[in-house]
Amino acid sequence: MTRRVFAAHLDELAGLRQFVGEMARQAGLSPEADYRLRLAVDEIATNIITHGYEEAGRSGDLVVSAEVDPSELRIVLEDSGIPFDPRSRAVPSRDQLERPLEERAIGGLGLYMVMEGVDRFDYEYAGERNRNILVMRR
Amino acid sequence: MEIQVQAQGSLTVVVLTGEIDGKTAPEVQSRLLPLAENGRKLVLDMQKVTFLSSAGLRVLFLLNRAASSGSGKIFLTGLVPELRDTMSVTGFLKCFQLFDSQEQAVEALR
């Protein structure tokens with residue numbers, strides 16, 4: 001397992017994506033799967049930093065670990081921001097996504113891309129920490 | 001994030017270089033929104049944009065709204081496959097007129 005600690009700040013997003021990209025390449029993911037995973041991790045991390053920490057007046061860090069086994073790569077993001085299960089948030093329906101932009105609201109696209117992009121998504125809250133788990137098949 | 005703005009006749013051409021995420025999107029928004037509001041045709045050269053999160057989609061959403069409320073229009077050029085994929089799954093792709101390159105857009109629109 002490889003573990004890296006990032007400050008909960010938007011400045012850290014680029015470094016976080018770079019770390020996830022290195023793990024994806026080491027795990028032999030295709031470039032497309034690598035990009036989808038980096039995008040999904042970026043979206044989850046952005047939510048944690050802005051809603052979990054900054055808007056809640058909290059500060060803290062974002063602990064990211066990568067676990068590889070013969071069948072999958074798991075990226076786990078742990079934070080001590082306010083509890084938030086991304087699965088609880090409504091994402092746009094396909095019907096909504098078909099409409100012209102003028103007739104649409106903008107919310108929920110980030111989590112929609114997370115759920116579409118990874119092979120499995122899990123969330124746990126334990127010991128006052130959020131754990132977001134993003135899994136890609138190798 | 002690098003943002004180069006050039007006036008080319010009736011067009012405004014913007015060359016974007018870098019990654020558009022939650023950190024850089026506000027800067028892109030504040031530079032480009034006034035350009036979309038002034039009713040000119042706005043060509044966004046995206047060839048050197050290597051990453052676009054939902055924060056970047058939100059900027060495109062706002063640019064489109066600003067342009068369509070006036071007489072302006074947004075054109076996108078040079079989307080890399082990853083961005084094209086993101087815009088396709090979110091239904092954004094069909095809402096913008098696309099060109100393969102900045103040169104093609106300028107040729108067609110001027």
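A count restricted to region B:37-57 and to residues that are facing chain A (nearest Cβ under 10 Å), open to solvent by 20 Å² or more (accessible area, probe 1.4 Å) and in contact with a helix residue (DSSP H, G or I) (Cβ under 7 Å, 6 or more places away or on another chain) stands at 2. Scanning region B:58-110 for residues that are within 14 Å of another protein chain (Cβ to nearest Cβ), surrounded by fewer than 19 Cβ atoms within 10 Å (Cβ to Cβ), of a type in the set (S, T, N, Q) and closer than 22 Å to B:G39 by Cβ turns up B:S68, B:S69, B:Q97. Taken over region A:17-39, the criterion of being among the hydrophobic types (A, V, I, L, M, F, W, C), more than 10 Å from every other protein chain (Cβ to nearest Cβ) and in a helix (DSSP H, G or I) is satisfied by A:F19, A:V20, A:M23, A:A24, A:A33, A:L37. Residue check: is B:F51 farther than 25 Å from A:R38 by Cβ and outside any helix (DSSP H, G or I)? Considered against the rule, which asks whether it is farther than 25 Å from A:R38 by Cβ and outside any helix (DSSP H, G or I), B:F51 comes out as no. Restricting attention to region A:31-63, the residues being open to solvent by 50 Å² or more (accessible area, probe 1.4 Å) and among the hydroxyl-bearing types (S, T, Y) number 1.
The values are calculated or read from the model by the stated rules, or taken from the named source; none is laboratory data. In this text the structure is predicted, and so the values were computed from the model without any measurement. A quick note on method: Cβ atoms are made from the backbone with ideal geometry, for glycine too, and the neighbour counts reach across all protein chains shown. These accessible areas exclude ligands, DNA and RNA; they are computed on the full protein's heavy atoms, side chains included. Shrake-Rupley method; radii C 1.70, N 1.55, O 1.52, S 1.80 Å.
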